Amino acid sequence: MCGIIGTLLAEGSVVEGILEGLRLLEYRGYDSAGVAVLDKKGISIRRKAGRIEHLAAALAGGALSGAKAGIGHTRWATHGAPSDTNAHPHTDTEGRVAIVHNGIFENYAELRAELSTAGVVFKSETDTEVLAHLIGRELARGVELGAAVLHSLRRVKGYYAVAVLSQDHDQPRLFCARSGPPLAVAVTKTGAYLASDVLALIPHTREIVFIEDGDVAELEIGKVTVRNLDGKVIDRKARRVEWDPEEAGKGTYPHYMLKEIHEQPDVLARTAFDRIREAKGDVEFDTAGWDDTELKTIERVEIMACGTALHAGYIARYLIEGLARVPVECDYASEFRYRDPVLAGNTMALAISQSGETADTLAALRLAKELGAHTAAICNVNGSTLVREAQRVILTNAGPEIGVASTKAFVAQITAAYLLALRIGRARGTISKEQGQELVDELRVLRPKMEQLLGETAVKAVRGIAERHQNAKGFLFLGRGINFPVALEGALKLKEISYVHAEGYAAGEMKHGPIALIEPSMSIVALNAIGPLADKMRSNIEQVRARGGKVILIGSDEGSVQLADEHVKVPECSEWLSPILNVIPLQLLSYSIALLKGCDIDKPRNLAKSVTVE
Ligand code: F6R
């Protein structure tokens, strides 16, 4: 969950570019940061607990400037508290090798004991430092640097992406290796770059080489050589990544989260509109595996995901079962992978993930594959591990999502799931051409309705609600049917960015326990769309009010609006697409409450965007 970066330049100085890259990777972890550069004097390091800006302050005035090789790190602590000494990079005793690391060396305790017995004195509490010492000891025995790196990597076990900086005959050498977490490299005529995320590479070039598990790459100006751990050269082709570096900026918005919320109407269009085939009442994906023959035989869909993506998965369950009439299961990826699941019949295992790098989601999909399922992915990052491993892929095209709290990726995932349900339904004949045309039309008319919810009136209404409820003891989000997962998502957003306790519940379950929580100091957010469950939801709202609960209604059902104490009226739309509209005021509500509370919206405490460890 840390961010790693490395640069070699033919001319100029690396430190400024590494800092820029770290700022782009900071969403991956932000409890400390550091840089190591290499010049004629050897390796020099600066490390600081806290945000990148603390490190930038330590580098102000030209410190470390002038070096043409360097590595950097932004940390999400696993071993050892966030402190200057535990911040990366770490070095061997002689200071000949510097390492940055994302992940965990699972056998580090054993290696640390062995190295300590051999006289090595450790300077940090991290697992990372063992690799620096292993390489250092090989060098001390006269082993050539490349061989020392390979030998040492063969000794560490676990889940890691590392970058190693050292020198040989006065020449800087930069290596990176992967066993799990993401890693990509890019070379130009004047430089060579490695990073945990393509975001930090696309300012240099869009031709990216994705490093695979078991790969060890050596970077040179204009060239990358990839080997396996036994030293055999492997051919890894560059892929073109179409993201625009400008998209990674905040634009005129104060926070990435707000910018990303406002991008959602465009995201809907980018995910859906090019794929719609109106005349056929169908959709077409530009990737293989989605033809009638391939989809007709599917007997079951098993969805696996985490967090917000899991909530999109729950919505996908309603869509695929409701529209395509195929049975669907949906589970936390972290539970699926350890519950010894049974996959009967011809199952499509569908992983949903923004990053495509979430450790549990990847492990769940791999397990499903082992159990005989056909694998599929809905994912936002082309070239990610998930996209490379899944047999069928739908890219969500939401563009880079930088705010740690996921917003636009969620809307894109629901949109992709709607398209998928339509495609499966058309392939299996459960949706007629005419019905398909109606479903497609509903999607087309959604964009202006989303824009309406992002307009001044609606935003102001949400801000007012946030002001009146910011000090509530807690929040209960209630929804039914396809809006039940939206209630879960509303509660998650509020918890993660404003640290207010919130729960999402299926409204029909309320009287089986959570109704005991209802009192005037508890804020109740009820979701209701027009559809067969609207009456039932109205009864639930009545039950809340009868117990003194104050109801904030988000939805288009006029009857519910009348019952509520406050509301944000959502434009009418098909119930299948109502989650896309209903979630917008919820995202804005959590944003506004977090803002009023002075929270760090884009970098909530303890979180990291891409959860690449278990
Ligand atoms: C919440 C959030 C997380 C992610 C989860 C899965 O706002 O961002 O819950 O949704 O960590 O991440 P991906 O989608 O990258 O697999």
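Collect the residues in segment 88-115 that are in contact (Cβ under 8 Å) with a residue 24 or more places away in the chain and not in a strand (DSSP E or B), keeping them in residue-number order.
Those that are in contact (Cβ under 8 Å) with a residue 24 or more places away in the chain and not in a strand (DSSP E or B): His88, Pro89, Asp92, Thr93, Glu94, Gly95, Arg96, Val97, Glu106, Asn107, Tyr108, Leu111.
Test Val462 against the criterion of being in contact (Cβ under 8 Å) with a residue 40 or more places away in the chain, open to solvent by less than 10 Å² (accessible area, probe 1.4 Å) and in the same structural domain as Ala316 (by TED's automatic domain parsing), and give yes or no.
no
Hey, could you check segment 371-386 for residues that are free of Cβ contacts under 8 Å to residues at least 40 places away in the same chain and surrounded by 19 or more Cβ atoms within 10 Å (Cβ to Cβ) and say which is farthest from the ligand (Cβ to nearest atom)?
Thr375
Residue by residue, here is whether (1) outside the structural domain of Ala349 (by TED's automatic domain parsing); (2) hydrophobic (A, V, I, L, M, F, W, C); (3) on the phi > 0 side of the Ramachandran plot; (4) more than 16 Å from the chain's Cα centre (by Cα) holds:
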| residue | (1), (2), (3), (4) |
| --- | --- |
| His374 | no, no, no, yes |
| Ala377 | no, yes, no, no |
| Thr407 | no, no, no, no |
| Gly425 | no, no, no, yes |
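Looking at Val164, Val130, can you tell me which residue is more than 27 Å from the chain's Cα centre (by Cα) and in the same structural domain as Asn228 (by TED's automatic domain parsing)?
Going through Val164, Val130 in turn, the sole match is Val130.
Looking at (1) open to solvent by less than 20 Å² (accessible area, probe 1.4 Å); (2) under 25 Å from Thr297 (Cβ atoms), can you tell me which one Leu453 breaks?
Just one mismatch for Leu453, condition (2).
Among the residues of segment 254-297, count how many are within 17 Å of Val445 (Cα to Cα) and among the hydrophobic types (A, V, I, L, M, F, W, C).
8
For segment 221-234, which positions are open to solvent by 10 Å² or more (accessible area, probe 1.4 Å) and within 27 Å of Phe105 (Cα to Cα)?
Answer for segment 221-234, where residues must be open to solvent by 10 Å² or more (accessible area, probe 1.4 Å) and within 27 Å of Phe105 (Cα to Cα): Val224, Thr225, Arg227, Asn228, Leu229, Asp230, Gly231, Lys232, Val233, Ile234.
Mind checking which residues of segment 50-79 are within 22 Å of the chain's Cα centre (by Cα) and outside any loop (DSSP other than H, G, I, E, B)?
Residues satisfying the conditions are Ile52, Gly72, His73, Thr74, Arg75.
Which residue, of Ala349, Ala368, Ala364, is within 16 Å of the ligand (Cβ to nearest atom) and not in a helix (DSSP H, G or I)?
From the options Ala349, Ala368, Ala364, the qualifying one is Ala349.
Just wondering, is there one or more residues in segment 589-606 that are open to solvent by 60 Å² or more (accessible area, probe 1.4 Å), among the basic types (Lys, Arg), in contact (Cβ under 8 Å) with a residue 24 or more places away in the chain and within 16 Å of the ligand (Cβ to nearest atom)?
yes
If I filter segment 415-437 for residues that are among the aromatic types (Phe, Trp, Tyr) and away from the ligand (no atom under 16 Å from the Cβ), do I get at least one hit?
Within segment 415-437, one or more residues are among the aromatic types (Phe, Trp, Tyr) and away from the ligand (no atom under 16 Å from the Cβ).
Could you list all residues from segment 481-492 that are in contact with a helix residue (DSSP H, G or I) (Cβ under 6 Å, 6 or more places away or on another chain) and either surrounded by fewer than 24 Cβ atoms within 10 Å (Cβ to Cβ) or outside the structural domain of Asn582 (by TED's automatic domain parsing) (or both)?
Leu488, the sole residue that qualifies.
Test Ser610 against the stated conditions and say whether it is within 12 Å of the ligand (Cβ to nearest atom), in contact (Cβ under 8 Å) with a residue 24 or more places away in the chain and in contact with a Pro (Cβ under 8 Å, 6 or more places away or on another chain).
Yes; evaluated as a whole, the condition is true for this residue.
Of the residues Ile104, Ile43, Ile5, Ile18, which single one is of a type in the set (A, V, I, L, M), more than 21 Å from Lys609 (Cα to Cα) and in contact with a Gly (Cβ under 8 Å, 6 or more places away or on another chain)?
Ile43
Working only within segment 326-342, note down all residues that are crowded, with 18+ Cβ neighbours inside 10 Å and part of a loop (DSSP other than H, G, I, E, B).
Passing the criteria: Val326, Arg337, Pro341.
Within segment 289-299, is there a residue that is within 11 Å of the ligand (Cβ to nearest atom) and open to solvent by less than 40 Å² (accessible area, probe 1.4 Å)?
No, segment 289-299 has no match at all.
Kindly provide the set of residues from segment 493-509 that are open to solvent by less than 30 Å² (accessible area, probe 1.4 Å), more than 13 Å from Asp600 (Cα to Cα), part of a helix (DSSP H, G or I) and of a type outside the set (A, V, I, L, M), ordered by number.
Correct list: Lys493, Gly508.
Quick one: how many residues across segment 219-245 are assigned to a loop (DSSP other than H, G, I, E, B) and aliphatic (A, V, I, L, M)?
4
Taking Leu476, is it within 14 Å of Ser578 (Cα to Cα) and surrounded by 23 or more Cβ atoms within 10 Å (Cβ to Cβ)?
no
Just one of the numbered conditions (1) open to solvent by 20 Å² or more (accessible area, probe 1.4 Å); (2) outside any helix (DSSP H, G or I) is not true of Gly34; which one?
The number of the failed condition is (1).
The values are calculated or read from the model by the stated rules, or taken from the named source; none is laboratory data. Bear in mind the structure is a predicted one, so any value in this text is a computation, not a measurement. Note that each Cβ is placed from the backbone with ideal geometry, even for glycine, and that neighbours are counted across all protein chains shown. For the accessible areas, the whole protein counts, side chains as well, though only heavy atoms, and no ligand, DNA or RNA atoms are used. Shrake-Rupley method; radii C 1.70, N 1.55, O 1.52, S 1.80 Å.
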